[in-house]
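Accompanying notes for the structure given below.
The values are calculated or read from the model by the stated rules, or taken from the named source; none is laboratory data. Note that the structure is predicted; figures quoted are calculated from it, not measured. Using ideal geometry, Cβ is built from the backbone for each residue, glycine included, and neighbour counts are taken over all protein chains shown.
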Amino acid sequence: MEIFSGKWTFLIMGELYDGPMRFNQLNKAIGCSTKSLADSLKLLEKNEVILRSVLPTTPVTVEYSLTSKGQDFQKVFLEMRNWGSKWL
């Protein structure tokens, strides 16, 4: 539960379900501070929920995507959204 306790975790994962995204794309989509986003991404990467990929471009491009562990959480995520829609 510690992994998913962050304020931005579910929003990050929700955005990444559609495919890999760069930091700035995530930041615009979610609307949190860069520090909060960076901290959340580090925690998710440390717990192997997301993968940080450095692409050999000029300038260097970094993309974030869900690992199989993160993708497997989608069922739980969708059920939580359904519950929220029904009761909140």
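Please go through the range 40-61 and give me each residue that is under 14 Å from the mean Cα position of the chain (by Cα) and farther than 12 Å from residue 17 by Cα, ordered by number. Within the range 40-61, 40, 41, 42, 43, 44, 45, 46, 47, 48, 51, 52, 53 meet the criteria. Can you pull out the residues in the range 1-33 that are in contact with a helix residue (DSSP H, G or I) (Cβ under 6 Å, 6 or more places away or on another chain) and farther than 20 Å from residue 74 by Cα? Correct list: 27 only. Just wondering, is there one or more residues in the range 6-18 that are of a type in the set (D, E, K, R) and modelled with pLDDT of 95 or more? No, because not a single residue in the range 6-18 is of a type in the set (D, E, K, R) and modelled with pLDDT of 95 or more.
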